[in-house]
Amino acid sequence: MKDLIRSFLPQRAINYFYHLPLAILANIFYGFPTRGLRVIGVTGTDGKTTTVNMIYQILKSAGKKVSMVSTINAVVGGKPIDTGFHVTSPDPFMIQKLARSAVDNGDEFLVLEVTSHALDQFRFWGIKFEVGVITNITHEHLDYHKTFEKYSATKLQFLKDVKYAVLNKNLMTNVPRPEDICHGQIITFGKNTSLNLKIPGKYNAENAEAALVVTNVLGIDQVVARRSVENFNGLAGRMEEVKNKKGIKIVIDFAHTPNGLKQVLQTLRSHLRGGKLISVIGCEGFRDVGKREMMGEIAQKLSDIVIVTSVDPRGQLHSINRQIATGAKKAGAKDGVNLFIIEDRQEAINFAINNLAKKGDIVGLFGKGHEKSINLDGRKEISWSEEEAVEKALKHG
């Protein structure tokens, strides 16, 4: 039904005549459960999932009853929940169902990851956010939002009615003035607070600082909060290292945006001690076409060798890889020297680990991260595990 509606109506009409009524019905069906919760929402191009999990961990460490829903995991009433959704916020019925479970469990807080698609499609309609966080806004999802201005406006509209708006101070230079939109108190982060984190990267320091600011306005002891983020071990598919006996560092990361890839590659380069950085990258089919050359160019500038392969190509693999390679060549890449196109992702990982990598090198595998399926032809999802792919490569190397 949804696909039939989409074929006849523009997105704005679909949002108002399909998504909004669903969200209203979901709230009514579950009795507007978030009215009994203090809700924190986190949006942004990158860092949402990590920040949500950090906030959740701090609140748990402080002895608070809290539930959370991110795009890779959910914990409601102290129990992990298999939401089944794939790199987006769940539909409004799932959101309200989980919120009802949190209320029934006696939880005080609910932490939600909020995507731009979900905001535009009213999936969070009816939820009064006490705190709204924007981690950053950079190039992504322009296949849906069409322009960066519309994308950033969707993110910023989230702040309109929050009591506290927590914003990356670096955000202020490339988006409309948040103070023209937000009616609540604006608090910034990104001041390079000195934190001794277990997870690497300046961007993770910013995620941690955002979590500290949020929990501070919620009245949480900041000694407890700081200790909690400094003990945070990271998430599956986010700078996840796979140990091995080859003397190389193999890192799995979900980086799938230009900014995300840049941040991760800069972090990995800082850990090189004379070796090479080998990057395995790709882009999604029927998604933001404009980022493909950007991803190739960024990868080439910050890596020694780039392998272009499949990341949910949905039947568009050849054109995607050609566009990524074009970007890499702008930065000086040469076919067969420091640029390779290997369509099969398993073969690309095998080649990176067993044919190219030497002791002291770093191999970064980007774009899939935690995901458990891959869409090659646009029709069906097939089982995929990045960790298992690495283990296969190591076993047969």
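No value in this document is a laboratory result; all are computed from the given coordinates. All values reported here derive from a predicted model rather than from experimental measurement. All Cβ positions, even for glycine, are placed from backbone atoms using ideal geometry, and neighbour counts span all protein chains on display.
As a footprinting exposure proxy, order K60, K262 by other Cβ within 10 Å, with the fewest listed first. Present the calculation step by step, with values, prior to reporting the outcome.
Values: K60 16, K262 20.
Going from sparsest to densest Cβ surroundings: K60, K262.
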Whole-Å distance linking the alpha carbon centroid of segment 326-349 with that of segment 176-203 is 36 Å
For segment 30-75, what log10 I(q)/I(0) values come out of the Debye formula at q = 0.15, 0.17, 0.22 1/Å, with one point per alpha carbon and no solvent?
-0.42, -0.53, -0.83
Backbone HN-Hα couplings from phi across segment 252-260 [Karplus 6.51/-1.76/1.60, Hz, Gly and Pro as x]:
9, 9, 6, 2, 9, 10, x, 5, x
Any idea what diffusion coefficient the chain gets from Stokes-Einstein, in µm²/s, Kirkwood Rh on alpha carbon pairs, 20 °C, 1.002 mPa s?
98 µm²/s
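Does segment 48-116 come out rounded, prolate or oblate by the C-alpha gyration tensor, with a ≥ b ≥ c the root eigenvalues, rounded set by a/c under 1.5 and, if not, prolate when a/b is larger than b/c and oblate if not? Don't skip to the end; give the middle numbers.
Values: a/c = 1.98, a/b = 1.24, b/c = 1.59.
Since a/c reaches 1.5 but b/c is at least a/b, the shape of segment 48-116 is classed as oblate.
List M94, M68 from most exposed to least, where exposure is judged by having the fewest other Cβ atoms within 10 Å. List each step's numbers first, then the result.
Details: M94 18, M68 26.
The fewest-first ordering by Cβ neighbours comes to M94, M68.
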Under 5 Å from the placed amide H of G360, counting only residues 5+ away or on other chains, we find I248, K249
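Calculate the FRET efficiency for R227 and E388 from the Cβ-Cβ distance with a Förster distance of 25 Å, rounded to the nearest 0.05. Please report the intermediate quantities before stating the final value.
Details: r = 34 Å, r/R0 = 1.38.
The computed FRET efficiency comes out at 0.15.
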Quick query: amide H of T188 versus all other amide H atoms, modeled in the peptide plane; which residues come in under 5 Å with a sequence gap of 5 or more or a different chain?
L167
When a/c is below 1.5 the answer is rounded, else prolate if a/b is larger than b/c, else oblate, so apply that to segment 2-230 with a ≥ b ≥ c taken from the square roots of the Cα gyration tensor eigenvalues.
oblate
Karplus couplings for segment 314-323 from phi (6.51 cos²θ - 1.76 cosθ + 1.60, θ = phi - 60°), rounded to Hz, Gly and Pro as x?
6, x, 10, 4, 4, 5, 4, 5, 5, 5
Whole-Hz ³J(HN,Hα) for each residue in segment 212-227, computed from phi via Karplus 6.51 cos²θ - 1.76 cosθ + 1.60 with θ = phi - 60°, x for glycine and proline: what do you get?
5, 4, 4, 6, 5, 5, 8, x, 8, 3, 6, 5, 5, 5, 5, 4
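In what order do F351, F366, F93 fall by count of nearby beta-carbon atoms within 10 Å, going from fewest to most?
On the way: F351 19, F366 24, F93 16.
Taking fewest neighbouring Cβ atoms as first place, the list is F93, F351, F366.
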Amide H within-cut-off set for R38, under 5 Å, with H built and near neighbours excluded:
F109, L110
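Over the chain, calculate the relative contact order: mean separation of alpha carbon pairs under 8 Å at least 6 apart, over the residue count, as a percent. All intermediate terms of the calculation are to be shown ahead of the outcome.
On the way: 818 pairs, mean separation 57.0, N = 397.
Contact order relative to length: 14 percent.
Please compute the length gained on full extension between K301 and E179, using 0.36 nm multiplied by the number of residues separating them and subtracting their Cα-Cα distance.
Working: separation 122, 0.36 × 122 = 43.92 nm, distance 3.64 nm.
Once the chain is fully extended between K301 and E179, it gains 40.3 nm.
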If I model a spin label as a point 7 Å beyond the Cα along the Cα-Cβ vector, how far apart are those points for K395 and K334 in nm?
3.8 nm
Express the relative contact order of segment 240-396 as a whole percentage, based on alpha carbon pairs under 8 Å and six or more residues apart in sequence.
32 percent
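Report the full-extension gain for the segment Q157 to H318: residue separation times 0.36 nm, less the Cα-Cα distance, to one decimal in nm. Write out the running numbers ahead of the final one.
Values: separation 161, 0.36 × 161 = 57.96 nm, distance 3.71 nm.
Using 0.36 nm per residue and subtracting the Cα-Cα distance, I get 54.2 nm.
Considering Cα pairs under 8 angstrom that are at least six residues apart, work out the relative contact order of segment 2-230 and quote it in whole percent. Numbers along the way, then the final one.
Values: 412 pairs, mean separation 54.5, N = 229.
Value for segment 2-230: 24 percent.
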Could you compute the FRET efficiency for K243 and K60, with r as their C-beta to C-beta distance and R0 at 22 Å, rounded to 0.05?
0.20
Between K79 and T147, what is the spin-label point distance in nm, taking each point 7 Å from the Cα along the Cα→C-beta axis?
4.8 nm
Mind giving me the FRET efficiency for N170 and K358? R0 is 51 Å, r the Cβ-Cβ distance, nearest 0.05 is fine.
0.90
Of I341, A357, N375, which is farthest on the positive side of the dipole of segment 240-396, counting Cα position, with +1 on Lys and Arg Cβ, -1 on Asp and Glu Cβ, and the Cα centre as origin?
A357
